[in-house]
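Down below is the structure, laid out as structure tokens.
The values are calculated or read from the model by the stated rules, or taken from the named source; none is laboratory data. In this text, all values refer to a predicted model and were calculated from it rather than measured experimentally. When we count neighbours, we look across all protein chains shown, and the Cβ atoms used for this are built from the backbone with ideal geometry, even at glycine.
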């Protein structure tokens, strides 16, 4: 292998490494957006509950109505939070699978790259 071929080989390997890092960055960005959206959904959920609580406080005819409304709201929010928790666990599993896929692809590329380097050096 002459010098030009060796430089081309190392240039190709460098380009592949940059592509791997860029794909990891894109994966991180996608997952950050997804997690941020989930967090915003939870914040909106609590904002809705706060508004409902304020409405309940102003519209309740007495302490008994207010207490019953609070119990109903607590039940509703706990059910919704359980749904959110289940969705977040599913999301965590998907995130794990996405990273595992990226990692497996990167390992396969690096194994192939090490063979290319070995062949370039030994020839």
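List of remarks:
- Residues that are in contact (Cβ under 8 Å) with a residue 12 or more places away in the chain and either in contact with a strand residue (DSSP E or B) (Cβ under 9 Å, 6 or more places away or on another chain) or outside any helix (DSSP H, G or I) (or both), drawn from segment 1-25: 1
- All told, residue 28 meets the bar of being under 20 Å from the mean Cα position of the chain (by Cα), under 30 Å from residue 114 (Cα atoms) and assigned to a helix (DSSP H, G or I).
- Filter result for residue 74 (exposed (fewer than 12 other Cβ atoms within 10 Å of the Cβ), more than 30 Å from residue 20 (Cα to Cα), modelled with pLDDT under 95 and in contact with a helix residue (DSSP H, G or I) (Cβ under 7 Å, 6 or more places away or on another chain)): no
- Looking only at segment 77-100, and only at residues there that are in contact with a helix residue (DSSP H, G or I) (Cβ under 9 Å, 6 or more places away or on another chain) and free of Cβ contacts under 8 Å to residues at least 60 places away in the same chain, the one that is nearest to residue 22 (Cα to Cα): 94
- Take the conditions (1) exposed (fewer than 13 other Cβ atoms within 10 Å of the Cβ); (2) in contact with a helix residue (DSSP H, G or I) (Cβ under 8 Å, 6 or more places away or on another chain); residue 54 misses just one of them, which is (2).
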